[in-house]
Amino acid sequence: MPPFIEVPFTDLSMMAREVWPEVETAFTEALLQGRYIGGPAVAAFEEEFARYCDSSHAVGVANGTDALQLTLQALGVGEGDEVVIPSNTFIATAAAVVRAGASPVFVDVCADTLLITPEILAAAITPRTRAVMVVHLYGNMPDMDGLRAVAGQAGIHLIEDAAQAHGGEWADRRAGSFGVAGCFSFYPGKNLGAFGDAGAVVTSDPELADRIRSLANHGRSGGAAHYEHRYVGTNSRLDTLQAIALTAKLARNERWTEARIALAHRYRKRLAGSGVRLVESAPQARHVYHLMVIRVPDRDRIRTAMAERGVQTGVHYPVPCHVQPPLRRYATGALPVCEQAAGELLSLPLFPHLTRNQVDRVCEALEESLAAVPAPDGPVS
Ligand SMILES: *Cc1c(COP(=O)(O)O)cnc(C)c1O
């Protein structure tokens with residue numbers, strides 16, 4: 001049977017279509033002026049994005065992974081230092097720590113939210129801990145007040161991996177504004193996505209912003225002298241065309257975010273009472289639903305059954321970081337919540353232009369699949 005797709009997991013083309021007329025005009029102008037790196041389009045986006053994040057500075061970089069790694073380097077976190085991170089995250093969170101020369105300390109998460117808690121952080125801190133990377137997984141926000149208190153008391157840096165949480169909030173404050181820095185990815189599939197790879201760090205510390213900007217631009221001093229270098233840096237700049245696309249998309253991001261939230265609420269309402277376990281969020285959190293994640297036993301068979309019904313799904317993430325072969329050497333033991341969740345997680349289609357009828361269709365396909373696939377401990381017919 002040829003595979004057919006009735007509901008795709010995501011569709012980025014609809015967002016591109018909305019912004020294209022103004023992006024095309026700005027692209028033409030920038031390209032014909034011959035300015036391709038930096039310049040006013042990048043500065044304008046950085047200013048808008050800092051404001052969007054309730055922060056005062058934004059530094060555009062090449063991608064979200066570099067945003068994390070450059071932040072650690074600019075803070076002087078490296079050799080001999082420990083950085084606490086939840087194990088159920090995209091590998092880039094951990095890779096940034098390792099590439100900065102520090103050691104990731106993987107921790108488990110709360111079973112309901114799949115996020116780190118102040119208690120979990122407090123228990124992981126040792127004399128070598130220099131920072132925690134709080135991951136706003138799926139666009140959801142953990143207890144930022146509690147986490148800040150624990151980090152503050154321990155004298156460690158709180159860095160936000162906000163790659164999935166543009167516009168997310170905790171108690172009416174935006175993701176990225178709680179830590180010493182907030183690191184964002186604009187990978188095309190993220191809530192705010194470029195037309196290629198891009199990222200940014202937001203911070204309210206002007207000196208930190210300045211160091212990150214320099215490190216991302218070959219360690220340049222930033223003055224008129226193009227070949228004077230303060231640091232051995234790298235090349236991780238946000239380019240002009242991506243900044244143009246991002247500015248156009250940022251102007252629509254609140255509307256798109258509200259659409260995601262409304263669709264996620266429809267899913268939640270529809271699935272309440274179905275026996276499907278949902279990922280919870282706290283009342284103080286504005287969950288921006290980068291992903292609509294549920295938990296089902298026998299996930300792989302449910303996934304296949306849904307695909308046969310024309311519904312594409314995803315898994316975020318099937319293998320926790322502490323179990324990934326290149327990171328196993330940092331593991332200190334089992335992390336039962338992360339390990340169990342990894343076998344059950346299923347991401348349902350969710351993007352701003354998904355329709356309510358499509359949400360209903362996904363729920364029907366899920367319910368049919370659950371009925372068709374016997375539960376692992378259930379009777380074998
Ligand atoms: C996407 C992502 C990153 C990495 O961002 P890139 O732009 O792909 O380098 C880091 N952390 C999390 C949680 C992500 O989802």
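Mind pulling the angle between the C-alpha long axis of helix 206-215 and the longest principal axis of the chain? Nearest 10 degrees, somewhere in 0 to 90.
Roughly 90 degrees between the two axes.
Net charge around Arg309, counting only other residues with Cβ within less than 10 Å of its Cβ (Lys, Arg = +1; Asp, Glu = -1)?
Working: positive: Arg361; negative: Glu6, Glu308, Glu364, Glu368.
Charge balance in the 10 Å sphere: -3.
Beyond 17 Å, what share of the Cα-Cα pairs of the range 72-209 is found? Please give it as a whole percent.
56 percent
Taking only Cα atoms, what is the 0 to 90° angle, nearest 10, from helix 240-250's long axis to the longest principal axis of the chain?
50 degrees
At a Förster distance of 35 Å, what's the computed FRET efficiency of Ala123 paired with Arg268, Cβ-Cβ distance as r, to 0.05?
0.65
Sum -39500 (n - 2.57) across every DSSP H segment of at least 4 residues in the chain, then divide by the residue count to get the 222 nm mean residue ellipticity, nearest 500.
So the helix-based figure for the chain works out to -12000 deg cm²/dmol.
Taking a temperature of 37 °C and a viscosity of 0.692 mPa s, what whole-number D in µm²/s does Stokes-Einstein yield for the range 1-160 with Rh from Kirkwood over alpha carbon pairs?
Once the numbers are plugged in, D ends up at 177 µm²/s.
Within the chain, what's the longest run with no trypsin sites (Lys or Arg not before Pro) in a DSSP loop and at most 15 other beta-carbon atoms within 10 Å? Give the range, please.
It runs 253-381.
Let me make sure I get this right: for the range 153-251, a, b and c are the square roots of the gyration tensor eigenvalues over alpha carbons, sorted descending. Under 1.5 in a/c it's rounded, otherwise prolate if a/b > b/c, else oblate. Which is it?
The shape class here is oblate.
What number, in percent, do you get for the relative contact order of the chain if the mean sequence gap of Cα pairs under 8 Å and at least 6 apart is divided by its residue count?
Here the relative contact order equals 22 percent.
For the range 49-94, what value does the Rg/Rh ratio take when both radii are computed over Cα atoms and Rh is the Kirkwood radius, given to two decimals?
Taking Rg over the Kirkwood Rh, I get 1.01.
Do any GluC sites (Glu not before Pro) in the range 20-105 lie in a loop, going by DSSP, with at most 10 other beta-carbon atoms within 10 Å of their beta carbon, and if so which?
Details: sites: Glu22, Glu24, Glu29, Glu46, Glu47, Glu48, Glu79, Glu82; in loops: Glu79.
In loop regions of the range 20-105 (DSSP not H, G, I, E or B), the sparsely surrounded GluC sites (Glu not before Pro) are Glu79.
For the range 125-200, what value does the Rg/Rh ratio take when both radii are computed over Cα atoms and Rh is the Kirkwood radius, given to two decimals?
With Rh from the inverse mean 1/r over Cα pairs, Rg/Rh is 1.02.
For the range 156-267, what's the relative contact order in percent, using C-alpha pairs closer than 8 Å and at least 6 residues apart?
Details: 162 pairs, mean separation 20.8, N = 112.
Normalised by residue count, the contact order of the range 156-267 is 19 percent.
Please identify the GluC sites (Glu not before Pro) of the range 195-270 that satisfy two criteria: DSSP loop assignment and at most 15 other Cβ atoms within 10 Å. Which are they?
Working: sites: Glu207, Glu228, Glu254, Glu258; in loops: Glu228.
When the GluC sites (Glu not before Pro) of the range 195-270 are filtered for loop state and at most 15 Cβ neighbours within 10 Å, Glu228 remain.
Which residues in the range 184-218 have a backbone N closer than 20 Å to a point placed 7 Å from the Cα of Leu31 along the Cα-to-Cβ line?
Counting backbone N atoms under 20 Å from the label point, the list is 188, 194-198.
Where a ≥ b ≥ c are the square roots of the eigenvalues of the C-alpha gyration tensor, would you call the chain rounded, which needs a/c under 1.5, or, failing that, prolate if a/b is larger than b/c, or oblate? Display every interim value, and only then the final one.
Numbers: a/c = 2.04, a/b = 1.28, b/c = 1.59.
Because a/c hits 1.5 or more and a/b fails to exceed b/c, the chain counts as oblate.
In debye, nearest 20: dipole of the range 291-332 around its Cα centre with unit charges on the Cβ of K, R (+) and D, E (-)?
Working: 7 positive and 3 negative charges, 27 e Å.
My answer is approximately 120 debye.
What share of the DSSP beta bridges in the chain is antiparallel, in percent to the nearest 5?
60 percent
Distance in nm between label sites at Arg356 and Glu48, each 7 Å beyond Cα in the beta-carbon direction?
3.0 nm
Give me the dipole magnitude in Debye, nearest 20, for the range 1-146 about the Cα centre, with unit charges on the beta carbon: positive for Lys and Arg, negative for Asp and Glu.
Numbers: 6 positive and 19 negative charges, 98 e Å.
Using Cβ point charges on Lys, Arg, Asp and Glu, the range 1-146 gives about 480 debye.
Any idea how far the Cα center of the range 46-98 sits from the one of the range 190-251, in Å?
So the separation of the two Cα centres works out to 12 Å.
Each reported figure results from applying straightforward, stated rules to the coordinates on display, with no laboratory input. The structure displayed is predicted, hence computed values, not measured ones. Don't worry about glycine lacking a Cβ; one is built from the backbone with ideal geometry, like all the others, and counts go over all protein chains shown.
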